[in-house]
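K.L.:
Dumping the structure here so I can ask a few things about it.
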Amino acid sequence: MTTTVLTAVLQAHAGRCACPGTCGKEHPGKQCGATHSGEDQPLLAAPQTPHATDAQNAAAPVETLRPWCWTCWRQALAAVRTRAAEQRRQQMEEMQIGLFDVA
Ligand SMILES: [Zn+2]
Ligand SMILES: [Zn+2]
């Protein structure tokens, strides 16, 4: 039997979703603790701190990976993406202000 990244991550973290509330939910016990993602869906291995892009998430070093249930991961990812989009919007606005600030 081959050890996949997921099984290694699950073993290292007791096979439970390690979401500390990044998904926006307050988990009792400070951690989600789900052992699966719902109907026959396994947990997934993903960075402890989600990145806004799939490429960044896929490139995360193995030691930063934690078990996540899909519910938490989807919510956490959505929150990170919203923040990233908001930051980009602000940067754009600041650049525009810079461009047109001739005073
Ligand atoms: Zn969870
Ligand atoms: Zn969560």
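K.L.:
Could you give the C-alpha radius of gyration of segment 29-74 expressed as a fraction of 2.2 N^0.38 Å, taking N as the number of residues it contains?
P.N.:
Against the empirical 2.2 N^0.38 Å value, I get 1.16 for segment 29-74.
K.L.:
Follow-up. From the convex hull of the Cα coordinates of the chain, what is the mean projected area in square nanometres?
P.N.:
8.8 nm²
K.L.:
What full-extension length gain, to one decimal in nm, is calculated for GLU86 and THR4 as 0.36 nm per residue of separation minus the Cα-Cα distance?
P.N.:
Full extension from GLU86 to THR4 adds 26.0 nm.
K.L.:
To test your reading of the geometry: what angle, between 0 and 90 degrees and rounded to tens, separates the Cα axis of helix 70-100 from the longest principal axis of the chain?
P.N.:
10 degrees
K.L.:
Count charges around LEU43 for me, please; just the other residues with Cβ under 11 Å from its Cβ, Lys/Arg as +1, Asp/Glu as -1.
P.N.:
+2
K.L.:
Give me the one-decimal nm value for the distance between modelled label points at HIS36 and ALA55, 7 Å along each residue's Cα-to-Cβ direction.
P.N.:
My value for the distance between the label points is 3.6 nm.
K.L.:
Let me ask another. For the chain, what does -39500 (n - 2.57) per DSSP helix run (n ≥ 4), summed and divided by total residues, give at 222 nm, in deg cm²/dmol to the nearest 500?
P.N.:
-14000 deg cm²/dmol
K.L.:
Net charge within 15 Å of LYS30 by Cβ-Cβ distance, Lys/Arg positive one each and Asp/Glu negative one each, not counting LYS30 itself?
P.N.:
So the surrounding residues net to +2.
Just so you know, all these numbers are worked out from the coordinates, no wet-lab data involved. Everything numeric here is computed off the predicted structure, so don't read it as measured data. Here the Cβ is made from the backbone with ideal geometry for all residues, glycine too, and neighbour counts use every protein chain on show.
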